[in-house]
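What follows is a single structure, written as structure tokens, with notes after it.
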Amino acid sequence: MNYIIRKIRHIIRWTLAAFFGSTILAVVAYRFVPVYVTPLMFIRSVEQIKDGGSIIWHHHWVPLSRISPHMPVAVMASEDVRFLLHHGFDYDAIEDAAKRNKKRGMHKFGASTISQQTAKNVFLWPGRSWVRKGLEVYFTALIELVWSKQRIMEVYLNSIEMGNGIYGVDAVAEYHFNKNSQELSRAECALIAVTLPNPRVFSSKSPSAYIRKRQLKIQHEMKFVPSFPKEGEDFNPKTVTGGVYKSKK
């Protein structure tokens with residue numbers, strides 16, 4: 001009996017060591033290596049085959065320097081206004097979402113940061129199980145520790161789903177706007193950003209009246225978000241008050 005217990009403990013120790021070792025190495029590698037594929041891309045491909053269709057997979061990796069400077073500002077205004085300030089988790093947004101969810105019943109508000117979404121997109125799978133959420137917390141903490149904010153934003157903008165079979169800002173720029181990601185206008189970046197909560201329902205190519213209204217709102221809020229800093233460039237948190245960026249004007 002003692003032998004079996006020791007054996008189980010040995011297996012558990014090696015399993016944990018292998019898990020932590022491999023995941024840390026993966027996070028360190030992706031600090032420098034482009035992320036060409038994600039679990040979601042494979043999952044969507046399987047879903048497309050099951051639905052009787054062909055595989056649609058559009059993805060171009062481009063460095064952050066070749067993406068419109070309006071795009072990081074747009075996704076911060078839409079998804080995570082305190083991205084440059086928090087360390088992966090926006091506790092104010094979590095508290096606010098919890099309060100709003102108590103009032104709204106079935107319609108739930110989320111509070112996932114860009115860092116959390118990046119961790120999920122690159123290392124995990126869609127879902128709401130406690131196991132996946134726990135792993136999301138783990139990978140979010142890791143990438144915040146190992147990657148810069150610029151790298152997190154770069155990976156996020158290159159890996160996030162932006163339409164049916166479309167992943168990353170350069171692919172959506174080509175297939176929805178007939179241009180590359182560097183040429184996207186401020187309005188187009190805002191339009192893309194507002195579709196991200198559900199890009200397979202909300203289209204940046206054929207936006208509904210609701211999406212156009214949201215686009216205008218995000219364009220207005222972008223005025224209060226500073227330009228995204230370049231790698232190595234200091235960000236001054238004094239430009240923030242009450243969780244909302246002051247206008248630079």
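Taking residue 70 and the conditions (1) of a type outside the set (D, E, K, R); (2) at pLDDT 95 or above; (3) in contact with a Gly (Cβ under 7 Å, 6 or more places away or on another chain), which numbered condition does it fall short on, given that it satisfies the others?
Result: residue 70 passes all but (3).
Going through segment 44-67 one residue at a time, which ones are closer than 30 Å to residue 232 by Cα and not polar (S, T, N, Q)?
Scanning segment 44-67 gives 59, 60, 61, 62, 63, 64, 66, 67.
Taking residue 220 as the residue in question, decide whether it is closer than 15 Å to residue 76 by Cα, in a helix (DSSP H, G or I) and either modelled with pLDDT of 95 or more or open to solvent by 50 Å² or more (accessible area, probe 1.4 Å) (or both). Full working, then the answer.
Values: closer than 15 Å to residue 76 by Cα: yes; in a helix (DSSP H, G or I): yes; either modelled with pLDDT of 95 or more or open to solvent by 50 Å² or more (accessible area, probe 1.4 Å) (or both): yes.
Yes.
Mind checking which pairs have a first residue in segment 13-38 that is farther than 20 Å from residue 66 by Cα and a second that is loosely packed, with under 11 Cβ neighbours inside 10 Å and among the polar types (S, T, N, Q), Cβ under 8 Å, 6 or more apart or different chains?
That search, which allows pairs on different chains as well, returns nothing.
When you check residue 24 against the structure, is it among the aliphatic types (A, V, I, L, M), more than 24 Å from residue 59 (Cα to Cα) and at pLDDT 85 or above, yes or no?
yes
Among the residues of segment 29-54, write down those that are over 18 Å from the mean Cα position of the chain (by Cα) and surrounded by 14 or more Cβ atoms within 10 Å (Cβ to Cβ).
If the condition is that a residue be over 18 Å from the mean Cα position of the chain (by Cα) and surrounded by 14 or more Cβ atoms within 10 Å (Cβ to Cβ), then 45, 48 are the ones that fit.
I need a count of the residues in segment 153-177 that are open to solvent by less than 40 Å² (accessible area, probe 1.4 Å), among the aromatic types (Phe, Trp, Tyr) and either closer than 25 Å to residue 126 by Cα or in contact with a strand residue (DSSP E or B) (Cβ under 8 Å, 6 or more places away or on another chain) (or both).
Residues meeting the conditions: 2.
Taking residue 179, is it basic (Lys, Arg), over 23 Å from residue 53 (Cα atoms) and outside any helix (DSSP H, G or I)?
Yes.
Just to verify a result, which residue in segment 178-188, among those that are in contact (Cβ under 8 Å) with a residue 24 or more places away in the chain and either touching a Leu at 6+ places or on another chain (Cβ under 7 Å) or surrounded by fewer than 18 Cβ atoms within 10 Å (Cβ to Cβ) (or both), is farthest from residue 67 (Cα to Cα)?
Restricting to residues being in contact (Cβ under 8 Å) with a residue 24 or more places away in the chain and either touching a Leu at 6+ places or on another chain (Cβ under 7 Å) or surrounded by fewer than 18 Cβ atoms within 10 Å (Cβ to Cβ) (or both), the top hit is 187.
Mind listing just one residue for me: the one in segment 123-152 that is touching a helix residue (DSSP H, G or I) at 6+ places or on another chain (Cβ under 8 Å) and not in a helix (DSSP H, G or I) and, of those, most open to solvent (accessible area, probe 1.4 Å)?
Taking the candidates together, the pick is 125.
Output the residues belonging to segment 189-212 that are in a helix (DSSP H, G or I) and open to solvent by less than 60 Å² (accessible area, probe 1.4 Å).
189, 190, 191, 192, 193, 194, 195, 211 - these are the residues of segment 189-212 that are in a helix (DSSP H, G or I) and open to solvent by less than 60 Å² (accessible area, probe 1.4 Å).
Run residue 65 past the list (1) hydroxyl-bearing (Ser, Thr, Tyr); (2) surrounded by 11 or more Cβ atoms within 10 Å (Cβ to Cβ); (3) not in a helix (DSSP H, G or I) and report the number of the one that doesn't hold.
(3)
The values are calculated or read from the model by the stated rules, or taken from the named source; none is laboratory data. Here the structure is a predicted model, which means the values were calculated and not measured. Cβ: placed from backbone, ideal geometry, glycine included. Neighbour counts: every protein chain shown. Areas reflect the complete protein model, heavy atoms only, side chains present, ligands, DNA and RNA absent. Shrake-Rupley method; radii C 1.70, N 1.55, O 1.52, S 1.80 Å.
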